[in-house]
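Working notes, beginning with the structure itself.
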Amino acid sequence: MGSPKLGAVVLMNVQEAGHRPSPMLAIENYGHGRTAVLATAGTWRWKMLQDHTDKTHAIFWQQLLAGW
């Protein structure tokens, strides 16, 4: 994703061994709205590793999008 823009709020970083941290989840106000970047190929692997009764994946998306 590169360096975050001025005004962006980085909510999550990722760091591979031997590399510097990179933003994985960032949000920013833009115009009259907001933008979010989730720099990953997807969250489906996270969901597939959960027990079918685990709601953390759904809660993550609900909280990220709440109020938008």
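Couple of notes before you dig in:
- Relative contact order (percent, whole number), the chain, Cα cutoff 8 Å, 6+ residue spacing: 21 percent
- ³J(HN,Hα) computed for each position of region 50-65 - Karplus, 6.51 cos²θ - 1.76 cosθ + 1.60, integer Hz, glycine/proline x: 8, 5, 5, 8, 6, 9, 5, 5, 5, 5, 4, 5, 4, 6, 5, 9
- Simple label model, 7 Å out from Cα along Cβ direction - ASN13 to PHE60, nm: 1.9 nm
- Average projection, convex hull of the Cα set of region 10-68: 5.3 square nanometres.
- Residue among LEU11, LEU38, LEU49 with the largest mean-square fluctuation in a Gaussian network model of the chain, springs linking Cα atoms under 10 Å: LEU49
- Candidate residues MET24, MET12, MET48: accessible-area rank, largest first, probe 1.4 Å: MET48, MET12, MET24
The values are calculated or read from the model by the stated rules, or taken from the named source; none is laboratory data. Since the structure is predicted, the reported quantities are computational estimates derived from the model, not experimental observations. In this analysis, Cβ positions are derived from the backbone assuming ideal geometry, glycine residues included, and neighbour counts consider all displayed protein chains. With ligands, DNA and RNA removed, areas are computed over all heavy atoms of the protein, side chains included. Shrake-Rupley method; radii C 1.70, N 1.55, O 1.52, S 1.80 Å.
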